[in-house]
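Worksheet: the structure to be examined is printed underneath.
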Amino acid sequence: MRRVVAAAVLALVLVAAPAAVARTIKVDWREQKPLADGALKFHVTKVVATTTQWSIDATIENASGSSVAIDRDGRERNLPSEHPVWKDGIAPIESHRSWTAQLGGPLIEWWQHPATAFRPALPRTLGPHRSWTGTFGGKGKLRKGQAYSIGFGLFELQSAASGGATVFWITDHSFTL
């Protein structure tokens, strides 16, 4: 009988144990990447994160006179790494000092937790003076005490003056769980 009661109490504790508590961080981060004919502007208003998932409310504004293509997934890296190295996609990123034999010394690696969902859908292109406002999020093992910046993807500039250059943005601001 005691075993049954002990098992029932243990089951109740496990069922009633709180799931990872989400931390909601209200922010007003306003940053921009200057361009030849304007700027890309980024405004983050809220971060919601647990140790297993995250979401960010933000606006990406093309304050230039030309269209800008958005690559939310970034590009593959040629350097091998045992960690999820940032590929210039949209993701919370954390910086780590590493050592690499290929480069013969220390370097800073940005590890990513890629966005997998966008509401509303992120457009592939932002026209001149257009913006996208929404929420993006994903799953990832976020560690308490670690600072996370936001990597805002890879943008291909469509202006003649840019020559099709690509740029990315990492927020100067960061959040910590």
Just rank Val44, Val21, Val68, Val167, fewest to most, by other beta-carbon atoms within 10 angstrom. Val21, Val167, Val44, Val68
Between Lys26 and Ser98, what's the calculated FRET efficiency when r is the beta-carbon distance and R0 is 45 Å? Round to 0.05. 0.85
State whether the range 20-176 is rounded, prolate or oblate according to the following rule on the C-alpha gyration tensor (a ≥ b ≥ c being the square roots of its eigenvalues): a/c under 1.5 gives rounded; otherwise a/b larger than b/c gives prolate, and the remaining case gives oblate. oblate
Among Thr116, Pro128, His173, whose Cα lies farthest out toward the positive end of the dipole of the range 112-177, if unit charges sit on the beta carbon of Lys, Arg (+1) and Asp, Glu (-1)? Thr116
Let me check against my output: what whole-number percent is the relative contact order of the range 20-176, with C-alpha pairs under 8 Å and at least 6 apart? 25 percent
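Coordinate-derived values only; no laboratory data. Bear in mind that the values here come from a model prediction, so they are computed numbers and not experimental data. No Cβ is skipped: glycine too gets one built from the backbone with ideal geometry, and neighbour counts run over all protein chains shown.
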